[in-house]
Amino acid sequence: MQNQLQDYVPAHALPLVLNLLEQEHVMVKIKKERKTRHGDYRFLSNGKHQITVNSNLNEYRFLITLIHEIAHFEAYKLYGRFIKPHGIEWKRTFQHLMLPFLNPEIFPNELLPLLAKHFKNPKASSDTDAPLALALKQFDEPNNKTYIFQVPLGHAFLSNNGKVFKMNKKRVKRFECVEVKTGRLYLFNPNAEVELIN
């Protein structure tokens with residue numbers, strides 16, 4: 001397990017992660033990028049527990065995702081299978097598990113205040129916490145994508161699903177865009193990454 005995870009999590013986090021996983025005997029699989037999720041937890045039909053995490057995540061997002069999924073397992077074990085996937089039991093479990101990792105030996109100082117705020121009431125995905133998601137993305141490998149909030153009004157762009165949109169206007173928190181082919185309106189979070197069309 002150590003060899004599998006050492007390239008994916010911050011070095012100082014590895015002993016804490018291994019301790020969690022050794023106690024629980026959970027299988028962890030590292031997967032190719034999935035557009036719809038960073039990771040998942042499953043109770044398998046053979047009675048085992050499996051966690052998957054995307055291989056393309058930077059080490060900080062990988063760690064948050066891994067602990068997020070371990071929290072699903074712990075909440076399942078403590079409270080049973082009839083709890084809400086991201087309900088109060090999972091939130092408390094996630095907060096408890098994440099606390100030892102929230103220190104400057106593991107996360108950069110600029111992330112710590114954002115993480116502290118996020119973990120007061122963790123969401124189902126760190127992507128829905130726009131300031132945290134944007135801060136985490138600065139540690140990603142460079143790519144040819146642009147954040148939606150940087151797209152000029154009226155400019156066309158390509159989304160992750162291959163559809164072409166035009167930037168329409170900003171609402172309170174999200175951006176209203178028109179799908180070129182259908183004329184339908186869609187809302188995008190400010191930290192969505194898109195490809196500009198020249």
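No lab work stands behind these numbers, since they all come straight from the coordinates. Since the structure is predicted, the reported quantities are computational estimates derived from the model, not experimental observations. Every residue, glycine as well, gets a Cβ built from its backbone with ideal geometry; the counts of neighbours run over all protein chains shown.
Seen from every direction in turn and averaged, the convex hull around the alpha carbons of the chain projects onto 12.7 nm².
Of Lys84/Lys170; Lys48/Lys77; Lys29/Lys120; Lys145/Lys173; Lys137/Lys181; Lys137/Lys169, which ones are farther than 22 Å apart at the Cα?
Numbers: Lys84/Lys170 33 Å; Lys48/Lys77 12 Å; Lys29/Lys120 29 Å; Lys145/Lys173 20 Å; Lys137/Lys181 30 Å; Lys137/Lys169 24 Å.
Correct reply: Lys84/Lys170; Lys29/Lys120; Lys137/Lys181; Lys137/Lys169.
In loop segments of region 55-86 as defined by DSSP, the chymotrypsin sites (Phe, Trp or Tyr not before Pro) with at most 10 further C-beta atoms inside 10 Å of their C-beta are Phe82. Working note: Cα atoms of region 106-198, range along each principal axis, descending, whole Å: 45, 27, 20.
List the trypsin sites (Lys or Arg not before Pro) within region 117-180 that fall in a DSSP loop (any state other than H, G, I, E or B) and whose Cβ has at most 11 other Cβ atoms within 10 Å. Working shown, then result.
Details: sites: Lys117, Lys120, Lys123, Lys137, Lys145, Lys163, Lys166, Lys169, Lys170, Arg171, Lys173, Arg174; in loops: Lys120, Lys123, Lys145, Lys163, Arg171, Lys173, Arg174.
For trypsin sites (Lys or Arg not before Pro) across region 117-180 that sit outside H, G, I, E and B with at most 11 neighbouring Cβ atoms in 10 Å, the list reads Lys120, Arg171, Lys173.
Counting only DSSP beta bridges whose two residues both lie in region 2-137, roughly 55 percent are antiparallel. Rounded to two decimals, the Cα radius of gyration of region 100-154 over 2.2 N^0.38 Å is 1.32. Taking a ≥ b ≥ c as the square roots of the eigenvalues of the alpha carbon gyration tensor, region 1-93 is prolate, as a/c is not under 1.5 and a/b beats b/c.
Need the full-extension length gain, Lys163 to His12, defined as separation in residues times 0.36 nm minus the C-alpha distance. One decimal, nm. Please report the intermediate quantities before stating the final value.
On the way: separation 151, 0.36 × 151 = 54.36 nm, distance 4.10 nm.
50.3 nm is the gain from fully extending Lys163 to His12.
The loop-placed trypsin sites (Lys or Arg not before Pro) in region 20-67, going by DSSP, that have at most 14 neighbouring Cβ atoms within 10 Å of their Cβ come out as Lys32, Lys35, Lys48.
How do Ser55, Ser126, Ser45, Ser159 rank when sorted from fewest to most other Cβ atoms within 10 Å of their own Cβ? Spell out each step's value before the answer.
Working: Ser55 13, Ser126 21, Ser45 6, Ser159 17.
Final ranking by Cβ density, sparse to dense: Ser45, Ser55, Ser159, Ser126.
Approximating the spin labels as points 7 Å out from Cα along Cα→Cβ, the His25-to-Leu112 distance works out to 3.8 nm.
By how many nm would the segment from Leu102 to Phe139 grow when fully extended, if each residue of separation counts as 0.36 nm and the alpha-carbon distance is taken off? The partial results should precede the final answer.
Values: separation 37, 0.36 × 37 = 13.32 nm, distance 1.71 nm.
The Leu102-Phe139 span can extend by a further 11.6 nm.
Going by a ≥ b ≥ c, the root eigenvalues of the Cα gyration tensor, does region 41-82 fall in the rounded group (a/c under 1.5), the prolate group (a/b larger than b/c) or the oblate group? Walk me through the numbers before you get to the answer.
Details: a/c = 4.09, a/b = 1.80, b/c = 2.27.
The shape class here is oblate.
What the phi angles of region 85-94 give under the Karplus curve with 6.51, -1.76 and 1.60, with θ = phi - 60°, is a coupling list of x, 10, x, 4, 5, 5, 4, 5, 5, 4 Hz, glycine and proline written as x. By the helix-only formula, in which each DSSP H run with n ≥ 4 contributes -39500 (n - 2.57) and the sum is divided by residues, the chain has a 222 nm mean residue ellipticity of -9500 deg cm²/dmol. Scalar couplings 3J(HN,Hα) for region 60-65, obtained by applying the Karplus form with A = 6.51, B = -1.76, C = 1.60 to θ = phi - 60°, are 6, 5, 4, 4, 4, 5 Hz; x denotes Gly and Pro.
Can you pull the percent of Cα pairs in region 146-196 with separation above 12 Å?
Numbers: 697 of 1275 pairs.
Summing the P(r) of region 146-196 above 12 Å gives 55 percent of all pairs.
Close amide H pairs (under 5 Å, H built 1.01 Å from N) link Asn56 with Glu33, residues at least 5 positions away or on another chain.
Find me the longest stretch of the chain that has none of the exposed GluC sites (Glu not before Pro), where exposed means in a DSSP loop (not H, G, I, E or B) with at most 10 other Cβ atoms within 10 Å.
For GluC sites (Glu not before Pro) (loop position, at most 10 other Cβ atoms within 10 Å), the longest site-free span of the chain is 111-198.
Going by how many other beta carbons lie within 10 Å of each one, how would you line up Met27, Met167, Met98, fewest first? Numbers along the way, then the final one.
Details: Met27 13, Met167 22, Met98 19.
Going from sparsest to densest Cβ surroundings: Met27, Met98, Met167.
With both labels modelled 7 Å from their Cα along Cα-to-Cβ, the Tyr79 to His155 distance reads 4.3 nm.
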